[in-house]
Amino acid sequence: MSSDEILVGYDGSADATVALNWALDEAGRSGRPVRLAYVFEWLTVAGWVGPGVAPGIWPDETARRQVEDLVRKAAADAAADRPGLTVHGEVFDGPPGLVLQERSAEAGMLVLGSRGHGGFGGLLAGSTAISVTAHAHCPVVVVREGQAATSGPVVVGVDGSEPALRALGFAVERAAQRDVPLRVLRAWGPSGERWAPPGFDPEAASATERAAVEQELAQWRKTFPDVPIEVRVTPGNAAALLVEESREAQLVVVGSRGRGGLRGMLLGSVSQQLIHHAHCPVAVVRER
């Protein structure tokens, strides 16, 4: 597996198919190869394996062969639909979350549907998507069925933390590839009617925050002078503001944990809320 490869968690579900199409679009812009990864977990009781695959009980070699055929066909169809792209398919054995986490160490990006066939109805994001996003060794993009917009800006949330700076770089590069504007959001408190200390000057606070963002952007403006960059500095809850921004965005990018994250947490609350509630695909950028 190449370190530039786009790895796609694929199980034939509607969400996985949307995630695959997003990854193929990304590969078309970047020239990266794509690998479909179906993680086959041996069942100890009868259960769902995939579309057209009968439930089985370990060791069900027939079901595994059907899975291999499913992945082989999906990869071949993707390659035929996107001439010039390199698309592979592979079946791995083991717990899906753990296997995808391990394989992400050798990938440049991991793309997931928010819920696969194992998800419970009503859940906005499945346990595998949350777990893998928290532990992956590369940027993770989570796509939900009906989400994959192709217009609008790339939006990134920044707060001055190291994960946010990495997210900013990822977002600028995606905006440049797509030839769309970049919208940079900095949320700060207090918000609304919340208590503020005596003498608090919201205009001065906003100006300070904006200056910090502009400093972070200075090098990126030089590197990508053709990317229009809009800075929005506003009081409020970062997750809620980014969810609202996602309504007109094609991608929202955040770091895995922001400045307010608790030490030891691998995935911050803003990242988790976006995975559950954003109206467009979400990229969570992690340190390798």
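So the values come out like this:
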| item | result |
| --- | --- |
| Pairwise label distance in nanometres, Ser127 with Asp93, each label 7 Å out on the Cα-Cβ vector | 2.3 nm |
| Counted charge near Ala37, where neighbours are those whose Cβ lies closer than 9 Å (Asp, Glu -1; Lys, Arg +1) | +1 |
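Values quoted throughout were computed directly from the atomic coordinates according to the rules given, and no laboratory measurement underlies them. Here the structure is a predicted model, which is why all the values come from computation and not from measurement. Neighbour counts run over all protein chains shown; Cβ positions are idealised from the backbone, glycine included.
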